[in-house]
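A short worksheet on the structure shown next.
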Amino acid sequence: MSVGAEAQDRDGVYQLGEIYVSGAGQGQTGVGGSTVTREEMWTFGKQTLDQAVNLVPGVVSTLSPNGQRNETDIFVRGFGRWQVPLMIDGVRVYLPADNRLDFSRFLTNDIAEIQIQKGYASVLDGPGGMGGAINLVSRKPVKPFEGEFSGGAAFDNRGAYQGWNSYAMLGSRQEKFYVQGSANYLDQDFWSLSRDYRPFPAQGSYRGSLQDGGRRDGSDSRDWRVNLKAGFTPNATDEYSINFIKQSGSKGAPLNVYNNPPQPQNYWLWPAWDIQNLSFMSSTQLGDASYVKTRLYYNTFYNLLSAFDDITYTKQALGRGFNSYYDDNARGGSVEAGTELIPMNTLKAAFHYREDSHTEWNHNQPTLPSGGFVEPKQNQAQTTYSLALENTFHVRPDFDLVGGISYDDYWISKAQEYNSARGIYEYPKGGANSFNWQTAAIWRYSDTAEVHFSVSDRARFPTIFELYSQRFGTAIPNPNLGPERATNYELGWKGRIAPNLKGSAAIFYSDVRDLIQAVRVSSTQSQTRNINKGEFYGFEMSLDAQLSPQLTVGGNYTFIERDVSDVSVPGFKPGGVPTHKAFLYASWRPIDLLTVTPSLEIASDRWSEVNTSGSGVIYNAFPAPYIRTGAYTLANVNVSYMLMENVELAGGVKNLFDQNYELAWGLPQPGRTLYLKAKATF
C-alpha cells in the first residue's frame, strides 16, 4: 500500500470522469498531484471526503472559521474551498451564493479515487483553480456481472452505539455497453467527547459550559447518495455515458463550549443539504492522433438552515428565529480536443461554459401565532466561460515542456435583494475577467523516477456573497470586486529509490495577491476589497517501503507557513492550517488471511479565531482575537480478516488513546471510536 502515490490499478475507475493532469499518462498523478485510492479509504476507515484527504501530504481538513456552521473545509497547500474547486467526475460542484461547501457531506464508498492537484491545476480543467483542484472519480463496472455490499457500525469510548453505514453496488460490463447503480448511506446519532474533556467552569455571571461531556450535543448527521450510470462503447477507443448522482444530507451544529453568556449561541440546524447532478460525457477518437471529449450537465443544490430561539430547538418566534432557503441550479458544458499531428507536440484546447442561478428567501419567525413572514424570492444569476490552450513539447522521449494559457470571464446578469422598506430591488451588476498562464518541465531520468518544475499563475472570481452581502446591515456591497490571484512555484521529485522503496518530495512557494478582505469604511460598516497579499511556502515528502512480504511501512510529512498581510485587521492570523502535519502507517500480515494496519495522524497547532465580543471570565481567559489550537497525535488501528476470497471482516479503533483536542476554538473533536465492518464482492 502506498498512500497518496500513483494509482496503479485502473480497474473500476470511471476514466471519463477524471480531470486532465499535465505531464502525466492516464491514471498518473503528474505535476503537483496525489491520488487517494479506494483501497486506502477502506483500510483507514475514511468514510467522507474531509477524512480521506488527510492521508496525503500538503492537504489538511479543518473546521470552517468559528465553526458555528459545523462545516469542514479542505486546505491544499494553504488554499481553501474558494480557491480549490471541487468536482465530481470532472463536473464542478459550485454554490454561487457563497460556495460554503461542507466536505463532510461527500461520502466515499462509491468513489474509485480522489484526484488532488496541488498548486498546478491544468487550465484545461476550467476556471477557478487558483490553488489546485479536487476531483471525486466514481466507479465503473469491469465484469459481465459484479456487485459489492458493505456495512458497519460505530461505538463510542463507553461502548455506546453511535450509528451505522452501508453501501451496495451492482453493475454489468458487456462488449458494447455497461450499466451500474449504487447507494451509500451514513447515519450518525451522535459522537462522544474524550473522557479527558473538562467543561469550562461557571464563574460569576458566566454559567459555565453548555456541554458537560459524553455525547456531543448537536453532532447527529445523516447522509445518503445514489449513483447511476449507463455507457455505450461502440469500439475500443470511444465511449458515451449518461450519469445521475443525487446526495442528501442533514446535520446538527455542536455549540461552542465556551459561549454561554455573555455571547449568545447560534442554535442552528440543517434539515436539508442536497445536491443533484445529471451529466452526459463522451470521448471520441478522430483518426490515429486526435480526439474530442465533451461534458454536458445540469446541477441542483437545495439547502435549508433553521435558526431557533434557544437550546430547546423548538421555537422560532424571536428575531433570531428563521428558516433560510437556498435553491440553486447550474447548467453548462465543456469541449476538449487534442491532437498529435504536429511532430513532437501534443496540442490541446478546451472551452467551458456555465450558467449559475441562485434563489434565496427567508421565512422569519415561523412559530409565531401569525405564522411569521415569508420573504419574496430573490434571484441572482451569473455566467462564466473559459477558453484554454495547452501544448506539450516532447523535447526528447524523457523530457517534456508544457505550456498553458486561458482566458476566463464572468458576469452577473441578475442581483436581486429584499428589505421591508424597499421590497425587491436590484444591485448594480458585477463582472470581471482574468488571463492565466502556466508552464512545467518534466524530466523522466529513469523508467521509475522523474523531476519536475512548474509555475502556475491562476485567478479565482468572487462569490455573490463577497460581491453583495450586507451582513445584516454591517457591510456595503462592492459589485466591482476583482479576482484573487496566485502564482504557484513547485520543484518536485518522485520515483523508486530501490525495488521495494519509493517516495516523493516537493518544495513549493505561492505568491498570493489581491486577497479579498472586509475593510472598515466607517464605525459601523465594512466593504470587501482586493487589498491583501500573502506568501505560502513549505515542503512535503512521502516514503513507502516493503520491508518483507509480510510488512510494509510508509508515511508522509508536510511543513507549511502562511504569511498574510491584512491591512484592515491588526495582528491577523490565517487559520485552519497546521505548520507541521504527518501521517505514518504500517501494514503487517502475520498470516495470509489477516492484516493489521496501525497508523498515526499527527498535526501541530493552528491559528483559530476567538469570539472576543462581550465581557466576563471566558474572555479574560482568551483575551486575544486569535489562539493556537488543534495539535493532535491520533493513534488508529485496523484489523482485517479475509473470511473467504471475496468476504472481508474488519474492526478497529480511531483515536486509540482518547485524546482531547480542538480544530477550532471551543469545538472539541471526537474521542475514542470503535468500529466493525464487513464487505462482500462478486
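The values are calculated or read from the model by the stated rules, or taken from the named source; none is laboratory data. Only a predicted model underlies this, so the values are computations on that prediction, with no experimental measurement involved. Using ideal geometry, Cβ is built from the backbone for each residue, glycine included, and neighbour counts are taken over all protein chains shown. Just so you know, the surface numbers come from the protein's heavy atoms only, side chains and all, with ligands and any DNA or RNA stripped out. Shrake-Rupley method; radii C 1.70, N 1.55, O 1.52, S 1.80 Å.
Side notes on the structure shown:
- The chain - accessible surface per residue (Å², probe 1.4 Å): 40 Å²
- Accessible-area composition of the range 423-572, carbon plus sulfur, in percent [1.4 Å probe]: 60 percent
- Pairwise centroid distance, computed over Cα atoms, of the range 95-161 with the range 268-301, Å: 15 Å
- Alpha-carbon centroid distance for the pair the range 374-394 / the range 532-564, whole angstrom: 33 Å
- Net charge, D447 excluded, C-beta distance under 11 Å - Lys, Arg +1, Asp, Glu -1: 0
- The value of relative contact order for the chain, using C-alpha pairs under 8 Å at least six residues apart, is 11 percent.
- From the largest down, the range 528-613 spans 61, 29, 19 angstrom on the principal axes of its Cα atoms.
- Charge tally in the Cβ shell below 13 Å around S250, where Lys, Arg are +1 and Asp, Glu are -1, S250 excluded: -3
- Heavy-atom accessible area with a 1.4 Å probe sorts S420, S192, S250, largest first, into S420, S250, S192.
- What the Cβ-Cβ distance of R628 and A160 gives, at R0 = 30 Å and to the nearest 0.05, is a FRET efficiency of 0.40.
- Accessible surface of the range 240-321, 1.4 Å probe, proportion on carbon and sulfur as whole %: 62 percent
- Against the criterion of solvent-accessible heavy-atom surface with a 1.4 angstrom probe, V395, V402 sort, most first, into V395, V402.
- Multiplying the residue separation of T383 and D447 by 0.36 nm and removing their Cα-Cα distance gives an extension gain of 18.5 nm.
- Local net charge near T383, Cβ-Cβ under 15 Å (Lys/Arg +1, Asp/Glu -1): 0
- Treating r as the C-beta distance of V639 and D189 and R0 as 30 Å, the FRET efficiency rounds to 0.75.
- Here semi-axes √(5λ) of the Cα gyration tensor in Å was computed from the coordinates, and among [x] 53, 27, 23; [y] 44, 31, 28; [z] 38, 32, 26 the match is [z].
- If you wrap the Cα atoms of the range 450-492 in a convex hull and average its projected area over all directions, you get 4.2 nm².
- Under the simplified labelling scheme, the A153-I405 pair shows an inter-label distance of 6.3 nm, with each label point 7 Å from Cα along Cα→Cβ.
- Once the Cα-Cα distance is subtracted from the 0.36 nm per residue extended length, the I476 to L296 segment shows a gain of 61.1 nm.
- Helices in the chain, meaning DSSP H runs of at least 4 residues, each add -39500 (n - 2.57). Divided by all residues, the mean residue ellipticity at 222 nm is -500 deg cm²/dmol.
- 24 Å Cα-Cα threshold exceeded, pairs from K176/K293; K118/K143; K46/K348; K140/K654; K429/K573; K118/K677: K118/K143; K46/K348; K140/K654; K429/K573; K118/K677
- In nm, spacing of pseudo-spin labels at V521 and A236 (7 Å Cα→C-beta vector): 6.4 nm
- Under 19 Å of direct C-alpha separation, and excluding same-chain neighbours fewer than eight residues apart, K533 reaches these aspartates and glutamates: D457, E466, E484, D511, D514, E561, D563, D566.
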